[in-house]
1. For Arg22 paired with Tyr52, estimate the spin-label separation in nm (one decimal), with each label point 7 Å from Cα along the Cα-to-Cβ line.
2. Would you mind getting the Kirkwood hydrodynamic radius of the stretch 10-98 from its Cα pairs, rounded to one decimal in Å?
3. Keeping all protein chains in position, work out how much accessible area Asp67 exposes to a 1.4 Å probe, and write it in Å² to the nearest 10.
4. Assuming 0.36 nm per residue, please report the length gained on full extension of the stretch Arg30 to Ser89 beyond their Cα-Cα distance.
5. How do Ser89, Ser84 rank by accessible surface area computed with a 1.4 Å probe, from largest to smallest?
Amino acid sequence: MTVTEQASHGVDLSSAAADKVRSLLEQEGRDDLRLRVAVQPGGCSGLIYQLYFDERVLDGDAVRNFDGVEVIVDRMSVPYLDGSTIDFSDTIEKQGFTIDNPNAAGSCACGDSFH
């Protein structure tokens, strides 16, 4: 499957999150990495999010480009993440990436997992 034939996904990346990803990639000196977002079994509510940099594009991955930042979602995670928005906060109260997922029926008290 070539890049032009790859499926898209319904995950959005805010401009603040895209800027942070770009900044992290510049710090690493890498231009061959993409942000992979996945849903895995685990956590106290059943599912956990994983965000990490990946140099691979696997068969069945869905890809969207946000002004030079590629976000990849594997085939199994696409339905769980459809309509989600990834944002980045850098305030006194909170720093880090957050995922607003309309598909999550509920989450645990720590906020790290959902169902």
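The values are calculated or read from the model by the stated rules, or taken from the named source; none is laboratory data. All figures in this text were calculated on a predicted structure; none of them were measured in a lab. No Cβ is skipped: glycine too gets one built from the backbone with ideal geometry, and neighbour counts run over all protein chains shown. Keep in mind that these areas ignore ligands, DNA and RNA; they rest on the heavy atoms of the full protein, side chains included. Shrake-Rupley method; radii C 1.70, N 1.55, O 1.52, S 1.80 Å.
1. 2.6 nm
2. In the stretch 10-98 this quantity evaluates to 13.7 Å.
3. Looks like 130 Å² after rounding.
4. Extra length available between Arg30 and Ser89 comes to 18.9 nm.
5. These residues rank, largest area first, as Ser89, Ser84.
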